[in-house]
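Trainee: This is the structure I want to talk about, given as structure tokens.
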């Protein structure tokens with residue numbers, strides 16, 4: 001009998017896709033801090049964080065729906081899931097700000113789709129990202145590539161958690177909008193690495 005996998009939060013996949021070190025700080029070290037971006041995100045999610053449902057013409061809408069996928073060891077919740085009359089689920093993930101060309105949002109949505117497929121026994125071919133600033137949806141096809149990426153990312157996160165080690169900092173433009181920049185200190189750790197490399201180079205001898 002196969003041992004059940006230790007559960008990984010759906011949000012961890014988005015965090016890992018954005019920055020593995022950010023994911024480790026949150027899900028390994030349980031560290032978090034707010035900034036203007038997280039505050040805006042919390043304000044947007046306040047609309048859908050209260051569990052409930054409503055019935056609209058030809059669709060049932062579930063808010064804050066708990067999700068799980070035993071096959072990949074994933075747990076979490078969906079902001080909104082719209083159920084069509086035949087039972088097909090259509091997840092909708094809420095994001096603050098305008099439309100963004102970032103794959104980590106799509107990855108989190110795809111993970112929700114895989115959970116819903118296991119829970120309902122029906123294919124989930126697509127979902128949507130709702131961008132609060134523009135009040136528009138961006139439909140996302142749940143492709144084979146995204147499905148494979150979800151499985152690979154979940155495995156990478158699980159290995160990181162089991163190893164119990166923080167990945168190195170990226171120290172690039174992503175850091176400026178990250179609420180964990182003071183905890184991460186990417187510039188300092190990157191500078192230490194450069195100093196070590198320079199010091200090691202002082203003792204290299206050419207043949």
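The values are calculated or read from the model by the stated rules, or taken from the named source; none is laboratory data. Small disclaimer: the values here were computed from a predicted structure and weren't measured. Note that each Cβ is placed from the backbone with ideal geometry, even for glycine, and that neighbours are counted across all protein chains shown.
Trainee: Take the residues in segment 68-107 that are surrounded by fewer than 16 Cβ atoms within 10 Å (Cβ to Cβ) and closer than 15 Å to residue 136 by Cα; name whichever of them is modelled with the lowest pLDDT.
Mentor: Per the criteria, the residue is 101.
Trainee: Could you pull out the residue among 196, 158 that is modelled with pLDDT under 90, in a helix (DSSP H, G or I) and surrounded by fewer than 18 Cβ atoms within 10 Å (Cβ to Cβ)? Give the derivation first.
Mentor: Numbers: 158 fails: modelled with pLDDT under 90.
Only one candidate qualifies: 196.
Trainee: Same structure, new question: Mind listing just one residue for me: the one in segment 109-141 that is within 15 Å of the chain's Cα centre (by Cα) and not in a strand (DSSP E or B) and, of those, surrounded by the fewest Cβ atoms within 10 Å (Cβ to Cβ)?
Mentor: Selected residue: 114.
Trainee: Looking at segment 21-57 only, could you name the residues that are in contact with a helix residue (DSSP H, G or I) (Cβ under 8 Å, 6 or more places away or on another chain), part of a loop (DSSP other than H, G, I, E, B) and modelled with pLDDT of 65 or more?
Mentor: 28, 31, 32
Trainee: Looking only at segment 63-90, count how many residues are touching a strand residue (DSSP E or B) at 6+ places or on another chain (Cβ under 9 Å), at positive phi and free of Cβ contacts under 8 Å to residues at least 60 places away in the same chain.
Mentor: 1
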